[in-house]
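A.B. asks: The structure follows.
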2 protein chains.
Amino acid sequence: MPIKVPIVDDSAKITDEEGGRSEINGRRCSIPRPTNPMVSPLLTDLYQFSMAYAYWKAGKHLDYGVFDLFFRKNPFGGEYTVFAGLDECIRFIAHFKFSEEEILFLQSVMPSCEGAFFDYLRELDCSDVKVNAISEGSVVFPKVPLLTVEGPVAAVQLLETPFVNLVNYASLVTTNASRHRIVAGKSKILLEFGLRRAQGPDGGISASKYCHIGGFDATSNVAAGRLFGIPLRGTHSHAFVSSYMNPDEILNKTLQSSDGSFTCHDFVRLGHDWLSKIQKISSLNGIFGETNQSEFAAFTSYALAFPKNFLALVDTYDVMRSGVPNFCAVALALNDLGYKATGIRLDSGDLAYLSIESRKFFQAIEKELGISSFGKMMITASNDLNEDTLDALKKQGHEVDCFGIGTHLVTCYGQPALGCVFKLVEINNKPRMKLSEDVSKVSIPCRKQCYRLYGIEGYPLLDIMTMKDEPAPKVGERILCRHPFIESKRAHVVPQRVKKLMDCYWHGNSEQLRKELPSLKETRDVCNEQLDQMRPDHMRKLNPTPYKVSVSASLYDFIHFLWLNEAPVGELR
Amino acid sequence: MPIKVPIVDDSAKITDEEGGRSEINGRRCSIPRPTNPMVSPLLTDLYQFSMAYAYWKAGKHLDYGVFDLFFRKNPFGGEYTVFAGLDECIRFIAHFKFSEEEILFLQSVMPSCEGAFFDYLRELDCSDVKVNAISEGSVVFPKVPLLTVEGPVAAVQLLETPFVNLVNYASLVTTNASRHRIVAGKSKILLEFGLRRAQGPDGGISASKYCHIGGFDATSNVAAGRLFGIPLRGTHSHAFVSSYMNPDEILNKTLQSSDGSFTCHDFVRLGHDWLSKIQKISSLNGIFGETNQSEFAAFTSYALAFPKNFLALVDTYDVMRSGVPNFCAVALALNDLGYKATGIRLDSGDLAYLSIESRKFFQAIEKELGISSFGKMMITASNDLNEDTLDALKKQGHEVDCFGIGTHLVTCYGQPALGCVFKLVEINNKPRMKLSEDVSKVSIPCRKQCYRLYGIEGYPLLDIMTMKDEPAPKVGERILCRHPFIESKRAHVVPQRVKKLMDCYWHGNSEQLRKELPSLKETRDVCNEQLDQMRPDHMRKLNPTPYKVSVSASLYDFIHFLWLNEAPVGELR
């Protein structure tokens, strides 16, 4: 007969408190709720519940299972991945509790299941579950567990789908962002503009969060700015430009000077005057004639609204013949009032060429009119950018300071899914491994320890997994590192530094035994630091060198012993 | 000076009522809230707010703008798209209202903006906005507006990002699902198994919803089942199988017969007996020897839990040498007690071959043991399936009845984004069009009417856009249909049926003037019916025939008049 799990508190309930914190089964929880309120214990596959019921029926639901969450192949043809999503997993587990309404729904879906099973679910929380994990933002590699989740097998099984969901896309898009950052270089500003093309609302919101972790400076997504404190950026669209017919539409033409000392009563005219003046600058001669007046009106109107942050989209009509001259006229008018314009955005055409020509135009104005630093005007580029176009632009030469990247970044166009899996590696202290014809799909059994070994130059040399109880590799001591499956692949390593990769982030009821969740900024710093630490040939876009993931000699022997003995007769493949 | 919009109610607030309905500015709203609670008016790009401020500063925010939401190219190399996301857009607009906390956040982000602007936002709702749209689930084509949104330009501009976000992925994944359905054929059961690989939690939840609209029968996603009433399906995983060591672990071996007339006290032994018996069936001779006992234990345990729905994953060890014989033994034991097993799931290997071999095995049992319809046992296949593999399986021949599809379906691996755009087509009754060097990027100006013209065989012939005030095309009357940009492309059509494509789904405060939102089932029916109606050559996977989208002669002339006259001198490209 199924054994009932101990009841922590008769009046099991979740109480809302300030900041999304809550009380579960009478135990106070200091961890915020999942960012997306749709993340509930029902956000899982039905089969997790049917398995839980089968375990429960067999009296096996409290068997102690250990599961590894890992991936098998780095995305985007690269040789590294950035791990993300841990914070959301821990929030999920901390608040794991079925509402009565959810229980009733489950009952309606599984009408043949005994009522006592639902009583078990009613009492279920994750106070018997333990999560060890690599720190979020870390550079990680195939086969090494990102998280190890252990506890009563039925409960842990229910976590599989939400954990994989929360880690898969998070790690994928963080990795994608980091790849964009590496190609763009540290000196460029990177803006995430993906909300409109993202896969659903929190496809957009998570993209903003994880792109920031992966190295983006700011986002256009206001909701993400509010939720995570990510800097917000944005100017105006083509529709704004074409919504103006001509400057007469601007009713309020007044603008006070930056220091408040005087007021310009016709800012439109001031801009027009500058337009005529720059037309006469000899070095700009012939570049433009009459500029588009609806565009001039839109720019003027925008400058009146944002004199301190004037940034104009210059490609609605013609960048060099209309957009840039119109922008400069308005920027010079602002300059008269003591304001410094921010710059332009290019959203179409040959971005390398247009950025260089725009730069020349700005520099000509600086030189001819003696307006200091006008030549350094910020040039932002957008329009279907991705890692490849950033790379091509760089090789070609350009004058872009800031890139706005959307679709390709947030949908991970190059590879829209990371294949994270969640595999049973031990049950009731007995190791389990999944066999497969495909060696890359064989899982590594047992509770393990994982270390990163660093070489003399400070770069990580390889990761090694050991049996849980083996002593840790020691600095200066030679250790044999073996490929987990291929006998001939082995190397002796003398590490100059040894880093234990996993920490405990959830330990049932105990707040003491678990590591605090870092802030978004701390995670971003971890990511940045770890990317910097890697040997550049692992990180490069073209033909990167694979980073080695190994097992200790003991673990190797154990895997192969199991492989021979666990595989049923006639089934060893 | 900015004009204040009329205040509907001084005590502007949103009150929660039953079923997610609410009161906005004292007006009761019969439309449910957006499914994802993260969908708020802040779920937009910052530049929508900077533009709104610039409009407001210029006193232009109440100018009447008309925007079209459309896409330029069908996804997945196909020649059609299914429109979805409308329901969520209308929910969004119906509940569009800033909370005080959101206002304060915006103020902190835009500190240079005047306080009165935030008072304007405080009062803002969509009671002056109108949305015309094609019905959700419709088959649609490039350039034709899916939605036309009109109203005060600043307010409508704020809707751009959320609308595009809500339509883009919804339409993409519905289209993807419909393509899978077309390739699989109507007789197959299609299950969506994508939650774990989806782009975030509601990447998963929306995928389940829209895949159901696009033709999938059920999902594994319990949260989506609850939210939308989609049928749920699921069995067990490899971890379940490998969590069992041997049948002795099963503590409760008792199973009552289906009719309750007797009880089997050792169901494990009954299964074992059957295993020995089928081993002796001559036509199965040599297929298998000793089967895996951990797998046998898992199957038995699962059958004890779900005697009425016994479906086993048979590929953990070896499909033909262990999984299928183990399954049959347990299924035959169930049969003794009056239960009919459901079937098997294959999750690796050569699905065509394994399904055919499994079918033969089942048929041999039916024949040799006289168990009626045992040969018809349902075979489900999963493992990285997509449109191409479904197609290949079909060409090759297989015995699969049901497909479980995940990663490729929900992330839209083949093309993870649809390029929906939102373009200003009219302001204060003046037409606007976006010019571009690339003709495919030129937008079609003006408020328009859209019709689908049907031919004598009942198939749609083409879509035609006309000027708002033109008379509708008439059945039996010849009408000239022109390519919007290419002069030589034109055709005379005599429609046998004319369907107006757009209806009003939101009309400010008026509940009377708008069409009711259909239920999910109704939308699913629309989709199914419209897919059936299309001429097959538009829908086929290989080299589909493009469907024609045209404009009336008057609209054609008007576009080209504008193109010549609106483009600033020297800028016509």
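The values are calculated or read from the model by the stated rules, or taken from the named source; none is laboratory data. Quantities reported herein were computed from a predicted structural model and do not represent experimental measurements. Cβ sites come from the backbone with ideal geometry, for glycine too, and all protein chains shown count toward neighbours. Heads up: the accessible areas ignore ligands, DNA and RNA and are worked out on the full protein's heavy atoms, side chains in. Shrake-Rupley method; radii C 1.70, N 1.55, O 1.52, S 1.80 Å.
A.B. asks: Ignoring the sites themselves, what is the longest stretch of chain B with no chymotrypsin sites (Phe, Trp or Tyr not before Pro) in a DSSP loop and at most 16 other beta-carbon atoms within 10 Å?
C.D. replies: Details: sites that count: B:Phe262, B:Phe485.
Here the longest segment lacking exposed loop sites spans B:1-261.
A.B. asks: Checking the table A:Lys395/A:Lys541; B:Lys143/B:Lys548; A:Lys395/A:Lys548; B:Lys143/B:Lys434; A:Lys280/A:Lys367; A:Lys73/A:Lys521 against a 19 Å threshold on Cα-Cα, which pairs fail?
C.D. replies: Result: A:Lys395/A:Lys548; A:Lys73/A:Lys521 exceed 19 Å.
A.B. asks: Return the distance in nm (one decimal) between the two label points of a simple spin-label model at A:Lys441 and B:Glu511, each offset 7 Å from Cα along Cα→Cβ.
C.D. replies: Here the answer is 5.5 nm between the modelled labels.
A.B. asks: Over 21 Å between Cα atoms, which of A:Lys57/B:Lys308; A:Lys441/B:Lys376; B:Lys253/B:Lys360 qualify?
C.D. replies: Values: A:Lys57/B:Lys308 15 Å; A:Lys441/B:Lys376 32 Å; B:Lys253/B:Lys360 30 Å.
Distance filter (> 21 Å) returns A:Lys441/B:Lys376; B:Lys253/B:Lys360.
A.B. asks: Using a Förster distance of 41 Å, how high is the FRET efficiency between B:Lys280 and B:Leu251, based on the Cβ-Cβ distance and rounded to 0.05?
C.D. replies: 0.85
A.B. asks: Would you mind estimating how fast segment B:59-132 diffuses translationally, via Stokes-Einstein at 10 °C and 1.306 mPa s with the Kirkwood radius over Cα pairs, in µm²/s? Before the final figure, lay out each step's value.
C.D. replies: Numbers: Rh = 15.6 Å.
For these conditions, the coefficient is 102 µm²/s.
A.B. asks: Placing a label point 7 Å from Cα toward Cβ, how far apart in nm is B:Gln256 from its equivalents in the other copies, listed shortest first to one decimal?
C.D. replies: 8.3
A.B. asks: Could you grab the relative contact order for segment B:243-397? Cα pairs under 8 Å, six or more apart, rounded to a whole percent.
C.D. replies: Value for segment B:243-397: 21 percent.
A.B. asks: For segment A:122-217, take every pair of Cα atoms, bin their distances at 10 Å starting from 0, and report each bin as a whole percent.
C.D. replies: Histogramming segment A:122-217 at 10 Å steps yields 14, 37, 29, 15, 4, 0 percent.
A.B. asks: Sticking with this one: Only Lys, Arg, Asp and Glu count, each charged at its Cβ (+1, +1, -1, -1), so figure out the dipole size of chain B about its Cα centre, rounded to 20 debye.
C.D. replies: 1540
A.B. asks: Considering only the label points, 7 Å along Cα→Cβ from Cα, what distances in nm to one decimal separate B:Ser30 from the same position in each other copy, shortest first?
C.D. replies: 5.1
A.B. asks: Can you tell me the 0 to 90 degree angle between the C-alpha axis of helix A:100-109 and the longest principal axis of chain A, rounded to 10?
C.D. replies: 70
A.B. asks: So, one more: Amide H of A:His236: which non-local residues (sequence gap of 5 or more, or other chain) have their own amide H closer than 5 Å, using H built in the peptide plane?
C.D. replies: Distant-sequence amide H within range of A:His236: A:Leu313.
A.B. asks: Ordered by residue, what ³J(HN,Hα) values in Hz, to whole numbers, does segment A:180-190 give under the Karplus form 6.51 cos²θ - 1.76 cosθ + 1.60, where θ = phi - 60° and Gly and Pro are x?
C.D. replies: Coupling constants for segment A:180-190: 4, 4, 4, 5, 6, x, 6, 7, 8, 8, 10 Hz.
A.B. asks: Classify segment B:424-573 as rounded, prolate or oblate from the Cα gyration tensor: take a ≥ b ≥ c as the square roots of its eigenvalues, call it rounded if a/c is under 1.5, otherwise prolate when a/b beats b/c and oblate if not.
C.D. replies: Since a/c reaches 1.5 but b/c is at least a/b, the shape of segment B:424-573 is classed as oblate.
A.B. asks: A:Ser550's amide H: which non-local residues (gap 5+, or another chain) put their own amide H closer than 5 Å, with H modeled 1.01 Å from N in plane and none for Pro or chain starts?
C.D. replies: It is A:Asp463, A:Ile464, A:Met465, by chain and number.
A.B. asks: So if I average 1/r over every pair of distinct C-alpha atoms in segment A:336-472 and take the inverse, what Kirkwood radius in Å does that give?
C.D. replies: One decimal place: 20.6 Å for the Kirkwood radius.
A.B. asks: Can you give the convex hull volume of the alpha carbon atoms of the protein assembly as shown per residue, in Å³?
C.D. replies: For the protein assembly as shown, the hull spanned by Cα atoms encloses 183 Å³ per residue.
A.B. asks: With all distinct Cα pairs included, what does the Kirkwood hydrodynamic radius of segment B:254-295 come out to in Å, to one decimal, could you say?
C.D. replies: About 12.1 Å, per the Kirkwood formula over Cα pairs.
A.B. asks: Label-to-label distances across copies for A:Lys395, with labels 7 Å out along Cα→Cβ, in nm, shortest first?
C.D. replies: Shortest to longest, the spacings are 3.4 nm.
A.B. asks: Can you list, bin by bin at 5 Å, the percent of alpha carbon pairs in segment B:256-346, starting at 0?
C.D. replies: 3, 16, 28, 26, 17, 8, 3, 0
A.B. asks: Starting from the Cα of A:Ser261, step 7 Å along the direction of its Cβ; do the same at A:Asn383; then give the gap between the two resulting points in nm.
C.D. replies: 4.1
A.B. asks: Tell me the mean residue ellipticity at 222 nm calculated for chain B from its helices only (DSSP H runs of n ≥ 4, each -39500 (n - 2.57), averaged over every residue, nearest 500).
C.D. replies: Result for chain B: -11000 deg cm²/dmol, rounded to the nearest 500.
A.B. asks: Could I ask something else about it? With a cut-off of 8 Å between alpha carbons and a minimum separation of six or more residues, what is the relative contact order of chain A in percent?
C.D. replies: Computed over chain A, the figure is 17 percent.
A.B. asks: For a label point 7 angstrom out from the Cα of B:Lys500 toward its Cβ, which stretches of segment B:451-465 have the backbone nitrogen within less than 17 Å?
C.D. replies: B:451-454, B:464-465
A.B. asks: OK, next. Limiting things to C-alpha atoms, what are the Rg and the maximum Cα-Cα separation (Dmax) for segment B:155-276, in angstroms?
C.D. replies: Over segment B:155-276's Cα set, Rg and Dmax evaluate to 21.7, 74 Å.
A.B. asks: Sticking with this structure for a sec: Sticking with the crude label model, points 7 Å out along Cα→Cβ, report the distance from A:Trp563 to B:Glu114 in nm, one decimal please.
C.D. replies: 7.5
A.B. asks: Still on this structure, please answer the following. What ranking of A:His492, B:His180 comes out by heavy-atom accessible area, probe 1.4 Å, highest first?
C.D. replies: A:His492, B:His180
A.B. asks: Another question, then. Suppose R0 equals 30 Å. What FRET efficiency, 1/(1 + (r/R0)^6) with r the Cβ-Cβ distance, do B:Tyr64 and B:His492 give to the nearest 0.05?
C.D. replies: Approximately 0.25, to the nearest 0.05.
A.B. asks: Would you mind giving the average projected area, over all directions, of the Cα convex hull of chain A in nm² with one decimal?
C.D. replies: 32.5
A.B. asks: Something else now. Rounded to the nearest 0.05, what FRET efficiency do B:Lys521 and B:Ser30 give with R0 = 22 Å and r taken as the Cβ-Cβ distance? Could you check?
C.D. replies: 0.70
A.B. asks: Kindly identify segment A:235-400 as rounded, prolate or oblate by the Cα gyration tensor criterion: order the square roots of the eigenvalues as a ≥ b ≥ c, call it rounded if a/c is under 1.5, otherwise compare a/b with b/c, prolate if a/b is larger, else oblate.
C.D. replies: Numbers: a/c = 1.71, a/b = 1.47, b/c = 1.16.
Verdict is prolate for segment A:235-400.
A.B. asks: Separate question: Which loop-located GluC sites (Glu not before Pro) does segment A:356-459 contain, where loop means any DSSP state but H, G, I, E or B and the Cβ has at most 14 other Cβ atoms within 10 Å? Numbers along the way, then the final one.
C.D. replies: On the way: sites: A:Glu357, A:Glu366, A:Glu368, A:Glu387, A:Glu399, A:Glu426, A:Glu437, A:Glu457; in loops: A:Glu399, A:Glu437, A:Glu457.
Hits after loop and neighbour filter: A:Glu437, A:Glu457.
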